[in-house]
Amino acid sequence: MDAFHAIGPLLRLLPPETAHGLSIWALGQGLTGGMTGRNAVCDPLLESRVWGLNFPHPIGLAAGFDKNARALGPLLDLGFAFVEAGTVTPLPQPGNPRPRMFRLTADEAVINRFGFNSEGLDAFTQRLGVFCDTWSGKGIVGVNLGRNRHSAGTADYASGVSRCAPLADYLVINVSSPNTPGLRDLQTGERLEGLLEQVITARDVAISSGGRRVPLLLKLAPDLALEEREAIAGVIMESAAGGSGIDGLIISNTTVSRPGSLRSRHRDEVGGLSGRPLFDLSTEVLRDFHRLTEGKLPLIGVGGVASGRDAYLKIRAGASLVQLYTAFAYHGPALIWRIREELGDLLREDGVSSVTEAIGADA
Ligand SMILES: Cc1cc2nc3c(=O)[nH]c(=O)nc-3n(C[C@H](O)[C@H](O)[C@H](O)COP(=O)(O)O)c2cc1C
């Protein structure tokens, strides 16, 4: 047993943000509870190729866990096929006042209103550069980009793309956090078109200076009305048609809705709700985007995944890849392996010969 195991039970007694900070610190020190090298053994049934990248299995860590790229290598070593670092903002900013993260233990959920606390792009890219030099080939790392609270417009995203394109396997334009005022308005209409034009241009510039074509993804909220989803899909499909546009969607971020089933005392805290109560809503929106994009665009399904069956349902609803955050925070590293094994078993039970065959099977 190492220090990571020893502090496991202690973490649950600490305020959630303190516990999270301690976990990142421990992982950054290489304290992984002996659970390393978990991608050395892989089930061939779970392998896939998306955006030209080889995923040993479809399970990744969602954005927000390693906001400042402090523990990417150890997180991959725990058995995630990919880790999404960030959200990172161009300039450092403290985020909202504490407390800003709440456990809803009885609901297997979390509410957070961090508001993009970030050490900024300088510190972030410096660490990511070290990661690329020392952990190259260990796994896939995406970077989730945001904007500073007091920035107007969308230039922050373009600068994130320029700075991170040489370092990331994929980039995410995050317009769906509920904790930065006005951010989610960028998901619709002319604002979305303008934003996409800017970030795609920034990528083109990176390509013309000798860089690779880094896949660009858009992360969406689960609270979009049907007409909004249709409008977004229209813009995305138009942008993707020429082969130079958006390459995929992540569905979804946290929800501002509060299902009536919530029991925990923190249920009325302001912020985004994640975990078990988000599963149905985010899966329904995922299924809808699979339909609206005619299965032509790879989707990452995220929201309430806590088992192999949940991951399987996301894939059957249209996800090429799956991410989780809240269940990992509650259950720790052993969960990753359990999900992978269970998913492999479910595919075998259904006589499926590759995970890619199951994508959209229920859509
Ligand atoms: C504490 C916390 C912080 C988060 N921070 C971010 C973030 O910085 N950027 C982002 O795109 N999503 C962020 N998310 C959302 C997650 O990436 C994910 O979309 C959401 O939690 C749903 O997945 P889950 O139910 O497995 O947690 C955060 C979630 C939590 C719980």
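The values are calculated or read from the model by the stated rules, or taken from the named source; none is laboratory data. Bear in mind the structure is a predicted one, so any value in this text is a computation, not a measurement. FYI the Cβ positions are ideal-geometry reconstructions off the backbone, even for glycines, and counts take in every protein chain you see.
Of all residues in the range 221-244, those that are within 10 Å of L292 (Cβ to Cβ) have Cβ atoms under 6 Å from Cβ atoms of residues that are buried (at least 19 other Cβ atoms within 10 Å of the Cβ) and charged (D, E, K, R), 6 or more apart or on another chain, in R229/D288. Within the range 98-112, does at least one residue satisfy the condition of being surrounded by fewer than 21 Cβ atoms within 10 Å (Cβ to Cβ) and within 22 Å of I251 (Cβ to Cβ)? For the range 98-112, residues surrounded by fewer than 21 Cβ atoms within 10 Å (Cβ to Cβ) and within 22 Å of I251 (Cβ to Cβ): present. Just one of the listed residues (V305, V270) is assigned by TED's automatic domain parsing to the domain that holds L324, more than 17 Å from Q323 (Cβ to Cβ) and not in a helix (DSSP H, G or I), namely V270. The residues of the range 299-318 that are away from the ligand (no atom under 11 Å from the Cβ) and in contact with a Leu (Cβ under 7 Å, 6 or more places away or on another chain), listed by number, are L299, G308, R309, Y312, A317, G318. For the range 75-104, the set of residues classified as under 20 Å from E17 (Cβ atoms) and outside any strand (DSSP E or B) consists of L75, T89, P92, P94, G95, N96, P97, R98, P99, R100, listed by residue number. The set of residues from the range 42-74 being assigned to a loop (DSSP other than H, G, I, E, B), away from the ligand (no atom under 16 Å from the Cβ) and not acidic (D, E) comprises C42, W51, G52, P56, H57. Only residues that are in contact with a Pro (Cβ under 9 Å, 6 or more places away or on another chain) and modelled with pLDDT of 95 or more were counted in the range 104-124, giving 14. If we scan the range 201-221, do we find a residue that is part of a loop (DSSP other than H, G, I, E, B), within 16 Å of the ligand (Cβ to nearest atom), assigned by TED's automatic domain parsing to the domain that holds N68 and out of contact with any Phe, Trp or Tyr (no Cβ under 7 Å at 6 or more places or on another chain)? So far as the range 201-221 goes, yes, one or more of its residues are part of a loop (DSSP other than H, G, I, E, B), within 16 Å of the ligand (Cβ to nearest atom), assigned by TED's automatic domain parsing to the domain that holds N68 and out of contact with any Phe, Trp or Tyr (no Cβ under 7 Å at 6 or more places or on another chain).
Taking the range 249-274 only, how many residues are out of contact with any Ser or Thr (no Cβ under 8 Å at 6 or more places or on another chain) and of a type outside the set (A, V, I, L, M, F, W, C)? I'd like the intermediate steps shown before the answer.
Step one: list which residues in the range 249-274 are out of contact with any Ser or Thr (no Cβ under 8 Å at 6 or more places or on another chain), which gives 250, 256-263, 265-270.
Next, from what is left, pick out any that are of a type outside the set (A, V, I, L, M, F, W, C): 257-261, 263, 265-269.
Matching residues across the range 249-274 total 11.
A count restricted to the range 105-135 and to residues that are part of a loop (DSSP other than H, G, I, E, B) and either charged (D, E, K, R) or more than 9 Å from the ligand (Cβ to nearest atom) (or both) stands at 4. Looking at E108, is it within 20 Å of the chain's Cα centre (by Cα) and closer than 23 Å to T180 by Cβ? Judged against the criteria, E108 is not a match.
For the range 323-337, a tally of residues being more than 9 Å from the ligand (Cβ to nearest atom) and either of a type in the set (A, V, I, L, M, F, W, C) or modelled with pLDDT of 95 or more (or both) returns 4. Just one of the listed residues (L343, L347, L281) is farther than 22 Å from P16 by Cβ, within 12 Å of the ligand (Cβ to nearest atom) and in a helix (DSSP H, G or I), and it is L281.
The C-beta contact set for the range 246-271 (first residue of a type in the set (G, A, S), second residue surrounded by fewer than 18 Cβ atoms within 10 Å (Cβ to Cβ) and not in a strand (DSSP E or B), distance under 6 angstrom, 6+ apart or interchain) comprises S264/A106.
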